[in-house]
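K.L.:
Supplied in structure tokens, the structure appears directly below.
Nothing in this text is a laboratory measurement; each read-out follows from the coordinates by a stated rule. Computed from a predicted model, the values in this text were never measured in an experiment. Note: ideal-geometry Cβ built from the backbone for every residue, glycine included; neighbour counts use all protein chains shown.
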Amino acid sequence: MNTRKKATILVVDDEKGVRQSFDLVLKDSYQVLLSGSGSEARGVLSKRKVDIVLLDIMLPDINGMDLLQSIKETDPNTEVIMVTAVKEIQTAVKAIKMGAYEYIIKPFMVDDVLTIISRALEKKKLVEQVAYLKDELDRYGKFERIVGSDKKMLEIFELIRSICDSDGAVLIQGESGTGKELVARAVHNQSSRKSCPFIVINCAAIPKTLMESELFGHIKGAFTGATNTIIGKLELADRGTAFLDDIDCLEVNMQAKLLRVIQEKEFERLGSNKVIKSDVRFLAASNKNLPDLIEKGLFREDLFYRLNVFPIFIPPLRERRGDIPVLLAHFLEQHAKRSGKPRRSFSQEALNILTEYDWPGNVRELQNLVERLATITKEPVIGLRNLNTLSIGRKPIKDMTLKDAVNAFERQYITDVLDSVGYSRKKASELLGVHRNTLLSRMTELEIKAE
């Protein structure tokens, strides 16, 4: 993998000597394209992705200012550096107001040229980073690392370490809320691409009519309402990682287009014939059984095999109950740090109930529950009384025998009363209308622990 891909610079100048001078100065560090006229430059720009244009203000066929305006309208992210004679300084200043990055005066100093180009590339990189960080700021930060000590999770950690530096695609499967995006981020953050973008593409959230534009971008005028050129997610992910969440929601025709990008490592923006080279590692996630979707004709088999180079299956919480207390403690700690309030804890009884609960929403459900309980509970210890209002851990009556249902009701009722009086057996027995010894006997039979 080449994470230091050379930037492409287009030199537009009608003087052959000037073009040759720029080529000599730049060719060791950049990919240099040369054009002797404005029309020739437009032809190059229509077919190639260019990072920087060195543009002479005075061209024989097209006014340099008009070409500047055309370039910025087509792709605002292309940086333009004007090349001018001393007498044209006022025009160069006007060009900067129109969107040019800087100007170079003929005859130029080599160090000045290299410095200006380096700064322009740095600005371009920052603009691209800001474009995706705006979306990422709200997504990332709630859960900065994967928490788990279960054997199955340790095997996943080891697998991540072994595949992170490969460029092979990764298919992450597991139920909703198991943490598939966290695993994807872990793969990216431990890879040699970690300093480059991690772009999340939520296939379930993007309308079908907008998916192609979201992935590949579009040029101004590509369709009704396309008033600006937009960079697609895959272009933003260049040299980094693209994570396709809920890949099963992608329409079959879009699956074919995605497959082509993965295979050919290139694509075009919507409305453009310009080929954009793609250096992206693909990660995908699904909570569906993809082989079943293949049988039904809803998912392409060839795309499945392209993505399933390194399969990762994340087990649901009910299959790794030992991680539940660890996760509960982790999210309580996170809440305390964010809120600035003292850290709460769960009573042993509450912990037992939560550990036995099946968590159909997995880690996401657990995180939301902890957030809610830590916010509304006034006491330092979260007990059964707090859980009772949320119906956590209660098995449906219809799934029990009559004896089990009676015992479940009695266990819950006695626990509620005990919790309301701070587990004072004397006060609880008075409220229940039974002798204290009777209460103690029933607590033993129903396995109710005294807190």
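K.L.:
About the Cα centre, and with charges only on the beta carbon of Lys, Arg (+1) and Asp, Glu (-1), how big is the dipole of the chain? Nearest 20 debye, please. Numbers along the way, then the final one.
P.N.:
On the way: 68 positive and 64 negative charges, 217 e Å.
Dipole magnitude for the chain comes out near 1040 debye.
K.L.:
To the nearest Å, what is the center-to-center distance of region 267-343 and region 11-42, using C-alpha atoms only?
P.N.:
Taking the Cα centre of each part, region 267-343 and region 11-42 sit 45 Å apart.
K.L.:
Kirkwood Rh, Cα Rg: Rg to Rh for region 151-315? If you can, show how the numbers build up before the last one.
P.N.:
On the way: Rg = 15.8 Å, Rh = 16.3 Å.
Rg divided by Rh gives 0.97.
K.L.:
I'm spelling it out carefully: the read-out is mean projected area of the Cα convex hull in nm², the candidates are (1) 28.6; (2) 24.1; (3) 30.2, and one was derived from this structure. Which label?
P.N.:
(1)
K.L.:
Using 0.36 nm times the number of residues separating F223 and K341, minus their current alpha carbon distance, what extension gain do you get?
P.N.:
Using 0.36 nm per residue and subtracting the Cα-Cα distance, I get 37.3 nm.
K.L.:
Run the simple label-point estimate for N63 and E251 please: 7 Å along Cα→C-beta, distance reported in nm.
P.N.:
Spacing of the two 7 Å Cα→Cβ label points: 4.3 nm.
K.L.:
Percent of alpha carbon pairs in region 221-379 separated by more than 19 Å? The partial results should precede the final answer.
P.N.:
On the way: 8523 of 12561 pairs.
Considering region 221-379, 68 percent of its Cα-Cα pairs are separated by more than 19 Å.
K.L.:
Let me ask another. Cβ neighbours within 10 Å, averaged per peptide: list 201-208, 305-312, 72-79 in order, most packed at the top.
P.N.:
On the way: 201-208: 15.1, 305-312: 17.1, 72-79: 18.9.
Listed from highest to lowest mean packing, they are 72-79, 305-312, 201-208.
K.L.:
Check which residues have an amide H placed less than 5 Å from L270's amide H, if you skip close sequence neighbours.
P.N.:
G217, H218, I219
K.L.:
Separate question: For the chain, build the charge dipole from Cβ charges (+1 Lys, Arg; -1 Asp, Glu) around the Cα centre, then report which of V25, L114, C203 sits farthest towards its positive end.
P.N.:
C203
K.L.:
Counting C-alpha atoms alone, how compact is region 319-445: give Rg to one decimal and Dmax as a whole number, in angstrom.
P.N.:
Every Cα atom of region 319-445 included, Rg and Dmax give 16.1, 47 Å.
K.L.:
Work out the length of the dipole vector of region 151-315 about its Cα centre, built from +1 on the beta-carbon of each Lys and Arg and -1 on the beta-carbon of each Asp and Glu, and round it to the nearest 20 debye. Provide the component values of the computation, followed by the final result.
P.N.:
On the way: 22 positive and 22 negative charges, 76 e Å.
Here the size comes out at about 360 debye.
K.L.:
Sticking with the crude label model, points 7 Å out along Cα→Cβ, report the distance from T377 to A204 in nm, one decimal please.
P.N.:
If labels sit at T377 and A204, their model points lie 2.9 nm apart.
K.L.:
Given the convex hull over the Cα atoms of region 43-103, what projected area results after averaging over all orientations, in nm²? Provide the component values of the computation, followed by the final result.
P.N.:
Values: hull surface 15.5 nm².
Quarter of the Cα hull surface area: 3.9 nm².
K.L.:
Can you find, among V147, A350, V12, the residue farthest towards the positive end of the dipole of the chain? Put +1 on the C-beta of Lys and Arg, -1 on that of Asp and Glu.
P.N.:
A350
K.L.:
Give the value in nm², to one decimal: projected area of the alpha carbon convex hull of region 8-135, averaged over all directions.
P.N.:
That works out to 7.7 nm², a quarter of the Cα hull's surface.
K.L.:
Additional query: Would you mind calculating the gained length between K151 and S192 on full extension (0.36 nm times residue separation, minus the Cα-Cα distance), in nm to one decimal?
P.N.:
Values: separation 41, 0.36 × 41 = 14.76 nm, distance 2.69 nm.
The K151-S192 span can extend by a further 12.1 nm.
K.L.:
Hey, another quick one. So which helices of the chain fit the span-like rule, where a helix is a whole DSSP H run, its Cα atoms reach 30 Å or more along the axis, and its mean Kyte-Doolittle is at least -1.0? Walk me through the numbers on the way to the answer.
P.N.:
Numbers: long enough: 110-136 (39 Å, -0.10).
Those that clear 30 Å and a mean of -1.0 are 110-136.
K.L.:
Now, a different point. Region 295-388: Rg/Rh from Cα coordinates, Kirkwood Rh?
P.N.:
Working: Rg = 18.1 Å, Rh = 15.4 Å.
That ratio is 1.18, to two decimals.
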